[in-house]
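The values are calculated or read from the model by the stated rules, or taken from the named source; none is laboratory data. Just so it is clear, the structure is predicted and the values come from calculations on it, not from any experiment. Neighbour counts run over all protein chains shown; Cβ positions are idealised from the backbone, glycine included.
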Amino acid sequence: MTELLRFRHVVYRNYRVWRKLIAASLVGNLLDPLFWLVGLGFGLGSLLPSVGGMRYLEFLGSGMICYGVMYSTSFEGLWSAFTRLKQQRTWEGILHAPMTITDIVVGEWVWAALKGVLSGVAILTVMTALGLVRTPMALLALPVMLLTGLAFAGIALVITALARSYDHFVYYFTLFITPMMLISGVFFPTAQLPRAVQVVAQALPLSHATQLARGLVLGRPIENAALHVVALALIAIAGVALARALTARRLR
């Protein structure tokens, strides 16, 4: 059992480093999604009618929870993890201890997901302060945030294992994150999109996460809830497994 939990040492190591940089980290990973929420929610929201029986601020806020998790997790799994992999060569150093590549990758996977949960909790707290959360079911959004973070952490670590420089992350954000953010129901309902785009959107992790979080936070029924959970879990497991294989090949 102890060997199965060795990854926690990587999580704790990253946490201790993060504590020294907490101010910059909070500004970068928390304020960005909060600015989107306040700016669009109050600005654009005042010009829009209700969306699916919800105020636009409610609709946007419940989607921004998942956006915040995705953004923060991706940043940690890309730039921060790549720095530890290539620039600082921290991962190679850890392998001199009684640790394995699996321990390192799983530790980074869990740590990136936890960073994402922090962003999601911040947005949920703001929504609660604004009176947008009226059901205790919103607490069930916490495991959804963690599962969402694990899904995006796995994908990010795959890209990190393949990248040769920081410049390669531009492709990931421009060709994957940005389009997914626009068609996954964060800013507007996917029902307004062309049918072909809707089909693509339903296969994306952010779409599954958004539908789960919106239903739980606003106390609305969730269609195919089990399907969304299974989809996120499969993406998370497949991502970390592939990241582990690619990282092992790279470090060898």
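Residues that are surrounded by fewer than 14 Cβ atoms within 10 Å (Cβ to Cβ), out of contact with any Gly (no Cβ under 9 Å at 6 or more places or on another chain), farther than 25 Å from Asp32 by Cβ and not hydrophobic (A, V, I, L, M, F, W, C): does the stretch 115-135 have at least one? So far as the stretch 115-135 goes, no, none of its residues is surrounded by fewer than 14 Cβ atoms within 10 Å (Cβ to Cβ), out of contact with any Gly (no Cβ under 9 Å at 6 or more places or on another chain), farther than 25 Å from Asp32 by Cβ and not hydrophobic (A, V, I, L, M, F, W, C).
Number of residues in the stretch 75-105 that are within 10 Å of the chain's Cα centre (by Cα) and modelled with pLDDT of 95 or more equals 1. Run down Gly107, Gly154 and say which single residue is touching a helix residue (DSSP H, G or I) at 6+ places or on another chain (Cβ under 6 Å), within 22 Å of Thr83 (Cα to Cα) and surrounded by fewer than 24 Cβ atoms within 10 Å (Cβ to Cβ). That would be Gly107, the only listed residue that is touching a helix residue (DSSP H, G or I) at 6+ places or on another chain (Cβ under 6 Å), within 22 Å of Thr83 (Cα to Cα) and surrounded by fewer than 24 Cβ atoms within 10 Å (Cβ to Cβ). In the set (1) surrounded by 15 or more Cβ atoms within 10 Å (Cβ to Cβ); (2) part of a helix (DSSP H, G or I), Met99 fails one condition alone, (2). Among the residues making up the stretch 51-73, those that are over 23 Å from Leu114 (Cβ atoms), in a helix (DSSP H, G or I) and touching a residue at least 24 places away in the same chain (Cβ under 8 Å) are Leu57, Glu58, Phe59, Leu60.
The requirement of being under 17 Å from Gly239 (Cα atoms), of a type in the set (Phe, Trp, Tyr), assigned to a helix (DSSP H, G or I) and in contact with an Asp or Glu (Cβ under 9 Å, 6 or more places away or on another chain) is not satisfied by Trp91.
Among the residues making up the stretch 210-228, a single one is surrounded by 17 or more Cβ atoms within 10 Å (Cβ to Cβ) and over 16 Å from Glu58 (Cα atoms): His228.
Test Phe82 against the stated conditions and say whether it is touching a helix residue (DSSP H, G or I) at 6+ places or on another chain (Cβ under 7 Å), buried (at least 22 other Cβ atoms within 10 Å of the Cβ) and in a helix (DSSP H, G or I).
Details: touching a helix residue (DSSP H, G or I) at 6+ places or on another chain (Cβ under 7 Å): yes; buried (at least 22 other Cβ atoms within 10 Å of the Cβ): yes; in a helix (DSSP H, G or I): yes.
Yes.
Matching residues to (1) more than 21 Å from Val133 (Cα to Cα); (2) part of a helix (DSSP H, G or I); (3) in contact with a Lys or Arg (Cβ under 9 Å, 6 or more places away or on another chain):
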| position | (1), (2), (3) |
| --- | --- |
| Leu4 | yes, yes, no |
| His9 | yes, yes, no |
| Arg19 | yes, yes, no |
| Leu37 | no, yes, no |
| Phe75 | yes, yes, yes |
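Residues that are of a type in the set (Gly, Ala, Ser), under 30 Å from Leu95 (Cα atoms) and in contact (Cβ under 8 Å) with a residue 60 or more places away in the chain: does the stretch 212-234 have at least one?
Filtering the stretch 212-234 down to residues of a type in the set (Gly, Ala, Ser) leaves 213, 215, 219, 225-226, 231, 233.
Next, from what is left, pick out any that are under 30 Å from Leu95 (Cα atoms): 233.
When the remaining residues are screened for being in contact (Cβ under 8 Å) with a residue 60 or more places away in the chain, the result is 233.
Checking the stretch 212-234: at least one residue is of a type in the set (Gly, Ala, Ser), under 30 Å from Leu95 (Cα atoms) and in contact (Cβ under 8 Å) with a residue 60 or more places away in the chain.
Between Thr160, Thr148, Thr178, the distinction of being at pLDDT below 95, of a type in the set (Val, Ile, Thr) and either surrounded by fewer than 24 Cβ atoms within 10 Å (Cβ to Cβ) or not in a loop (DSSP other than H, G, I, E, B) (or both) belongs to Thr178 only. Only residues that are modelled with pLDDT of 90 or more and either touching a strand residue (DSSP E or B) at 6+ places or on another chain (Cβ under 9 Å) or not in a loop (DSSP other than H, G, I, E, B) (or both) were counted across the stretch 183-202, and they come to 8. Every listed requirement among (1) over 21 Å from Leu114 (Cα atoms); (2) free of Cβ contacts under 8 Å to residues at least 24 places away in the same chain is met by Leu40 save one, (2).
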